[in-house]
Structures are given as C-alpha cells and as structure tokens.
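Asks: Can you keep this structure in mind? I'll have questions shortly.
The values are calculated or read from the model by the stated rules, or taken from the named source; none is laboratory data. These figures come from a predicted structure and were not determined experimentally. Neighbour counts are summed over all protein chains in view; Cβ atoms, including those assigned to glycine, are modelled from backbone coordinates with ideal geometry.
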Amino acid sequence: MVQEELKERILYSFLISPFIIAFALLNFENTLFSVYVFSLILTLATTILFETFRMYENKFSVRIPKIKKFLFVALLLIITTLASLLLEGEKSSEKILKDISTISYLTILSYFTTLILNLSISSLKTTKHNYLIVDTLFTNLSLYIGLTLGVIMALKFFDIYNKTYFVAFLLAVGWISEAGGLIIGKYFGRISLSFTASPKKTLEGTIGSLFFAILGGIIFKLILDLTGYQSHIFLENYTSVVVLASVIFVFDFFGDMIESLIKRYFDTKDSSNIFKALGGVFDIFDGVMLGSIGVLLYLIIK
C-alpha cells in the first residue's frame, strides 16, 4: 500500500513538474508567456476554491447555489487580478505601499459587496439550510486564495521584468522545507506540538523544516553562482538567503496549518484526489501560498 502510494506520488510529480518548472524558471518578456502565467494562476485559484466547495458539500450533503458560487468565483478573480498588480513597474518600498493602499480599497469594496449580496440572497431563500456559514466562510476563502495566489502572480511578473527568481526560490524552499519536515518528523519526531489543526506535527519535524528550508536556499544560491548569475536585488549574499528562506519557512508553516484547519473542519484528509496520492491543488500549494506574503514583506522591508 505504501509502495503504491509512493509510486503514485512520483508519477504525478513527474506529470505536473514541467508546468511548474516552466512557470517558476522561465522569464520570457512577451505577451504569450504573460498570458500563460495569468491563465495558470487563475486556473489554480479557481480549482482550489472549487475544492473547498466540494469539501463543504460532502460534509453537509447540500449543494451550494450556483449564484453563490458565481459570486465567490467573481470575487476570487477580481482579488487575484488586483493583487497581481502589486509589484507592477519600478520596485520601491514607497511604491509598493502606495499600490497596497489603492488595491486594499478596491479589495475591501469587492469583499463587502460580495458578502452583502450573498447574505441578501440567503435571506430570500426558502430552504431549511442556513447559508450564513457558506456566505462568511467562502467570502473569506475567496479573499485568502485570491490574495495569496495574486501575490505569487505579482512576484512572477516582477521576476520577468527584473530577471530575478523569487517565485522559483519560494517554491523550491517551500516544498523542500515541507518534504524535509515530513521525513524528520516521521523518523525522529518525539515531542508533539499538540496543535488542533495538525496534531501530528512535532518539534523535531518543525526544526527539520527550518533546516531544510535554509539548506534548500543555500543550494539554490550555489546553483545560481555556478551559472554566473548576479543581481543586486535577489540573493545578493548568503545572509539574504538565510533570511529569506527563514521568512518563507515561517509563513509556509502557518499556510500549512491554515489548510489543515480547513480540512479538519470538513473532516477530510485531502482537499481533493485530482493528483491521487499527492492530494489536491490546495494540498500542493497550501504553504507556498502564504509564503508569497512573506516574500512580499521581505521586498517591502528590504
């Protein structure tokens, strides 16, 4: 059983890796590639939202009305698109903060418009099912998914225009950290952290995650050095590698906890079975989604 699951994980990792590698490492400054990036992120965001729809419907044996799904998806796409504009143009802390201010107003307006519309529709419903949880939960999930994946898109466009690799670094460090933490936790984990969202997390596994995050960052930097790559804004030295990798680890940790809390609420192991043993799209991107916010804060403070 374990061997079959391992084979499935390897198979599906090979199947999806070309799309991830192309997205993370290629920095083509043309319209076609920009459309690819935009389409990929919106597809991921929409898929994750529909995975949460399915988890809710399976738990409560009730269908979410199509009009509500439409409003949630509309909010998701609006917020993802708005967040993708955060790093547009010349990078400076002042400009990023100004963009955040403008985008925040539009996001708040979209958020409350969607919430009010959904609550209004719920008040007119004649069914016995109370949709209050649906309205509040999925409005917030649309906001969370849209913001985090929108920031990943913003970072990718920043990479394209500045010839940096923040997205590749985020994905590499995030996934190496998670994999390392799982291995250390499985074989050496003794002290439980006793989190409600993820009871199996151990202190040893968490320390292992931090170690592998920094190790992954250092390896990433060594590879860049071997290729002769240099940048004054991306991994200028090994101190910046350790700092950025540590920031990603912290945000990745809480991103994983948030998804675990959602899955625990819905009494499910995986967000879906799209990728069989790997789980769903949310399972794959849970940590790095919130990790993108850590990278954004790093850029602002830096």
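Asks: Among the residues of region 46-63, write down those that are among the aliphatic types (A, V, I, L, M) and surrounded by fewer than 19 Cβ atoms within 10 Å (Cβ to Cβ). So that I can check it myself, show each step before the final result.
Replies: Narrowing region 46-63 to residues among the aliphatic types (A, V, I, L, M): 48-49, 55, 62.
Across region 46-63, the qualifying residue is only V62.
Asks: For region 126-183, how many residues meet the condition of being surrounded by fewer than 22 Cβ atoms within 10 Å (Cβ to Cβ), of a type in the set (K, R) and assigned to a helix (DSSP H, G or I)?
Replies: Result for region 126-183: 0.
Asks: Now, a different point. Return yes when Y187 is under 23 Å from Y298 (Cα atoms), in a helix (DSSP H, G or I) and out of contact with any helix residue (DSSP H, G or I) (no Cβ under 8 Å at 6 or more places or on another chain) and no when it is not. Full working, then the answer.
Replies: On the way: under 23 Å from Y298 (Cα atoms): no; in a helix (DSSP H, G or I): yes; out of contact with any helix residue (DSSP H, G or I) (no Cβ under 8 Å at 6 or more places or on another chain): yes.
Criteria not met by Y187.
Asks: Follow-up question, since we're still on this one. Taking region 23-45 as the region of interest, how many residues are surrounded by 13 or more Cβ atoms within 10 Å (Cβ to Cβ) and assigned to a helix (DSSP H, G or I)? Lay out the reasoning, then the answer.
Replies: Going through region 23-45, the residues surrounded by 13 or more Cβ atoms within 10 Å (Cβ to Cβ) turn out to be 23-27, 33-34, 36-38, 40-42, 44-45.
Next, from what is left, pick out any that are assigned to a helix (DSSP H, G or I): 23-25, 33-34, 36-38, 40-42, 44-45.
Count: 13.
So that you can scan it fast, the table gives a plain yes or no per residue for (1) touching a helix residue (DSSP H, G or I) at 6+ places or on another chain (Cβ under 6 Å); (2) in the same structural domain as G287 (by TED's automatic domain parsing); (3) over 30 Å from A172 (Cα atoms); (4) at pLDDT 90 or above:
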| site | (1), (2), (3), (4) |
| --- | --- |
| F53 | no, no, no, yes |
| L75 | yes, no, no, yes |
| L87 | yes, no, no, no |
| I96 | yes, no, no, no |
| G146 | yes, no, no, yes |
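Asks: Which of (1) within 22 Å of the chain's Cα centre (by Cα); (2) surrounded by fewer than 23 Cβ atoms within 10 Å (Cβ to Cβ); (3) not aromatic (F, W, Y) is the odd one out, the single condition S192 does not satisfy?
Replies: Evaluating S192 over (1) within 22 Å of the chain's Cα centre (by Cα); (2) surrounded by fewer than 23 Cβ atoms within 10 Å (Cβ to Cβ); (3) not aromatic (F, W, Y) leaves (1) as the failure.
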